[in-house]
1. Please give the charge dipole size of the stretch 176-216, origin at the Cα centre, charges +1 on K and R Cβ atoms and -1 on D and E Cβ atoms. Round to the nearest 20 debye.
2. Starting from the residue with the highest accessible area, list Arg34, Arg121, Arg447 in decreasing order, probe 1.4 Å.
3. What residue among Ala120, Ser495, Val228 has its Cα farthest toward the positive end of the dipole of the chain, where the charges are +1 on Lys, Arg and -1 on Asp, Glu, each on the Cβ?
4. For Thr468, Thr38, Thr287, give the ranking by accessible area with the largest first, probe 1.4 Å.
5. Counting Lys and Arg as +1 and Asp and Glu as -1, what is the net charge of the other residues whose Cβ lies under 15 Å from the Cβ of Arg421?
6. Using every Cα-Cα pair within the stretch 192-238, state what percent have a distance larger than 13 Å.
7. Quick check on the stretch 140-284: of the DSSP beta bridges with both residues there, what percent are antiparallel, nearest 5%?
8. For the residue pair Thr77 and Leu432, what label-to-label distance in nm results when each label sits 7 Å from Cα along the Cα-to-beta-carbon direction?
Amino acid sequence: MSQTWWRGAAIYQVYLRSFADGNGDGIGDLAGLRSRLTYLKDLGVDAIWLNPWYPSPMADGGYDVADYRDIEPVFGTLEEAEAFIAEAHELDIKVIIDVVPNHSSTESAWFKEALADRRARDRFWFRDEPDNDWRSIFGGPAWTQVADGQWYLHLFAPEQPDFNWDNPDVHREFEDVLRFWFDRGVDGFRIDSAALLFKSADGYEDLDGVHDVYRRWREVADEYGGRVLIGEVWLPDQERFARYLRPDELHTAFNFDFLSCPWEPAALRRVIDLTLATHTPIGAPPTWVLSNHDVTRPVTRYGRADTAFEHGGRLHGAPSDLELGYRRARAAALLAMALPGSVYVYQGEELGLPEVEDLPDEVRQDPMYARSGGTNPGRDGCRVPLPWSGDGPPFGFGPVPRTDAEAGAAAPWLPQPESWRKLTAEAQAGDLGSMLNLYRSGLALRRDLLGDGTLTWLPSAADVLAFTRDSGLACVTNLGRTPAPLPPGRVVLSSGPLDEGELPPDTTAWVLPPGSEA
Ligand code: NOJ
Ligand code: CA
């Protein structure tokens, strides 16, 4: 693969805890992931992005990192991680890992040192009294008091103390962490909360110092070659967002406008145009993201009256027509795969999993739930362990039992709905009309005909999105209420059946021009 493989890549997000459990303790791990690598190869992805796999007390699903240079024992060992990287590379799959530079864990060596000795506190934000009245992004105050009376800042949970990026130790530490993993073959980093590192009296979002950090990180990545830095940058202001993607900073950043966009033609067209207008002048490829481990699953979201996503108002429990949502999620998948740039697939999206909204409160683990006093259900509903096979839970999430002891394996860490029997990877593999096969076909065609490049809008009705790509392939999505005409040519893939040659509502088709060979 080329040095710029990331420009048009299809990247699969693995939430390790919920992907596959190799040792039967009910929690996904590296052994489970390694046993399912051929599934990802067959799906047709170019890269895997893993959520944090580091030692962690799991106060925030691993985003509370206790040691940036090792693997959480529940997930496996450093040797297993190295074997996984090598096996993925054998299959021509790149490996991207999360790095969490904004905050650490109260169980990290530095924080424990800071607690034991006041002179070692400058790597974090300790104060005699809170400097401000900031609230934690998960709810509740952003300051917590320690036994000797001082307070420390945490933008997220109290178990996630924020680093002080005015301290040079922090800069050195993270450059070294990048090298540690690049040396072990990792192809890139997804940078958590990338815009929040610096703090001042004015706030913490997008302060200038952050760009010097990423310029330095880019130098480190460039020393290795072919590596990618991906920012988690939630900024409504496109001009500020684009600054992270200048040629000497990050390579790409997540497109949260597209992810949050309602299933409405004008809104989608606006977001696509805005995205292209932001990225094209700086030469950075856009990214197209429909879901991740923090947001409501698209099948559920697109079946609601309000199809937008907002963190604050997750619309949990709002009525959803799941059949409609499923149809739209299929159409959205082909739209996202056809747009120029890279595309992300969050595990389970390719199975059409809905959000699990009826988890019992006592099994919820997301700190968002507890810290909102139970008013925000949090993100557990999109993190339920994957259904692989069989007729009932645990749906092959654990190892195939070879002994009586293994047959007594622990239940998955979050309960799976019985109704998922129709959605297992096994049930879908042999069904040509399944979501899984739509993703497989889409990703296979995408490899040759789509990815990096440019888009040209085709004339269409206002509630239809129609464009062609450099290969000549046309992508048409009908967001209206009546069937829409398709351009001449051969339909190579569609998200649902056509209606007498026309494109029904909530459907996407890919059309190759007449005479084209592909
Ligand atoms: C963004 C991550 O995606 C989310 O899961 C996490 O809770 C916060 N950053 C804090 O690390
Ligand atoms: Ca396990």
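1. Dipole of the stretch 176-216, to the nearest 20 debye: 220 debye.
2. These residues rank, largest area first, as Arg447, Arg34, Arg121.
3. So the residue furthest toward the plus end is Ser495.
4. Thr38, Thr468, Thr287
5. Residues near Arg421 contribute -3 overall.
6. For the stretch 192-238, the fraction of Cα-Cα distances above 13 Å is 61 percent.
7. 40 percent
8. 4.8 nm
The values are calculated or read from the model by the stated rules, or taken from the named source; none is laboratory data. Since we're looking at a predicted model, the values are computed, not measured. We place every Cβ from the backbone using ideal geometry, glycine too, and count neighbours over all the protein chains shown. Keep in mind that these areas ignore ligands, DNA and RNA; they rest on the heavy atoms of the full protein, side chains included. Shrake-Rupley method; radii C 1.70, N 1.55, O 1.52, S 1.80 Å.
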